[in-house]
1. I'm trying to understand the selection: among the residues of the stretch 12-62, which are within 20 Å of Gln132 (Cβ to Cβ) and among the hydroxyl-bearing types (Ser, Thr, Tyr)?
2. Specify which of the listed residues (Lys195, Lys179, Lys202) is under 22 Å from Ala120 (Cα atoms), assigned by TED's automatic domain parsing to the domain that holds Ser322 and not aliphatic (A, V, I, L, M).
3. Taking the stretch 209-231, which residues are crowded, with 16+ Cβ neighbours inside 10 Å and touching an Asp or Glu at 6+ places or on another chain (Cβ under 7 Å)?
4. Condition first: surrounded by 15 or more Cβ atoms within 10 Å (Cβ to Cβ), in contact (Cβ under 8 Å) with a residue 40 or more places away in the chain and of a type in the set (Val, Ile, Thr). Can you find one or more residues in the stretch 304-313 that meet it?
5. Would you point out which residue out of Ser99, Ser73 is in contact with a Gly (Cβ under 6 Å, 6 or more places away or on another chain), of a type in the set (Gly, Ala, Ser) and not assigned by TED's automatic domain parsing to the domain that holds Leu285?
6. Asp203 passes all but one of (1) surrounded by 20 or more Cβ atoms within 10 Å (Cβ to Cβ); (2) within 19 Å of Ala143 (Cβ to Cβ); which number fails?
7. Quick one: in the stretch 21-37, of everything that is β-branched (Val, Ile, Thr) and surrounded by fewer than 18 Cβ atoms within 10 Å (Cβ to Cβ), which residue is nearest to Asn66 (Cα to Cα)?
Amino acid sequence: MDFSSLASLASGHVEARIVQVAVSLGVFDALVQKGQNALSLSSSLGTEPRATEMFLNALASLGLLNKEGNLFSLNEISSTCLVRGSPKYLGDMILFDLSLWSCWGDLEKAIRSGNAVRPADMYQGDPPETYQFIYAMDSLVKARGDAEVLAETLDLSNVNNILDIGPGPATYTIHLCRKNPGLRATLFDLPGTLKVTEGFVKDSGLGDRIRLETGDYRFDPIPGSYQMVFLSNIIHAESAEENNRLMRKVYQCLENKGRALIKDHILDDSLTKPPVGAIFALLMLLTTAQGRCYSFNEVKAWLQEAGFKAVKEILLPLPLTSSLVVGEKG
């Protein structure tokens, strides 16, 4: 790392804040129809003209807007990912990151205490917060294309029923069911989450093939018997001990030759690579009781202790930042 890289790293919060505020103000939505100058845009946004021009210049310098003369307009990345209603809209994830601003501000407190700086309630304590969290997860998966990559990676030709534990918006399961007409699925999640999930399932038109089951995998038995159990972004929210118990539950609800499929930030044995996972682990420090990101060998050990065979890791292509760990009940 050189000086310029270090300086950029140390001030990275500045660029993040600019993007978050732009989405929050609705800058990109306001530019959908045509390019505008700063005065016109400030009028529609209810902002101060001089400050607005400075802000728009900064967005153009970051490559998020085009500027010709005094007119600002959308470019390919902003029209694709930052305009509400776009199939690849990332804005809900950006607004969720904005809601975590104060948590990151308390990072030193978390490191000194070892405790979360917000309630470790899986975003169940406040319905608007639950809604924001679930929509953020859907936004990220759709913008990045995770579900399409997963569908291309998995051979589900002989799978008729799956269980998705902690599905959130059920974005993966909905996509897999669309790609595999014979597939049926059960979604197992907390009651606050499933109230939001229900809307996604209804909008998908797959309500006759996707069943919702309320429960907490930490305390409740997992109902049914399945050919595949899918856990996306679950293990990083839990302690190693809880994940060990969860793998035993997963093993018990799988049919013989069934598969457990874990999608998460999977680290190397040093717990430093890939960097996105090592950094994401700090978010788990800030927001969960005992969570962090784990290495493949740690996950493999849980699965093997539960009875799984042929445990392997499947690397996923960029821009995805996670891997798959698969184990077979045999």
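The values are calculated or read from the model by the stated rules, or taken from the named source; none is laboratory data. Not measured: the values here are computed from a predicted model. All Cβ positions, even for glycine, are placed from backbone atoms using ideal geometry, and neighbour counts span all protein chains on display.
1. Selection gives Ser24 alone.
2. On inspection, the qualifying residue turns out to be Lys195.
3. Selection gives Leu212, Tyr226, Gln227, Phe230.
4. No, the stretch 304-313 contains no residue that is surrounded by 15 or more Cβ atoms within 10 Å (Cβ to Cβ), in contact (Cβ under 8 Å) with a residue 40 or more places away in the chain and of a type in the set (Val, Ile, Thr).
5. Unique residue meeting the criteria: Ser73.
6. Failing condition for Asp203: (1).
7. Applying the filter and picking the extreme gives Val32.
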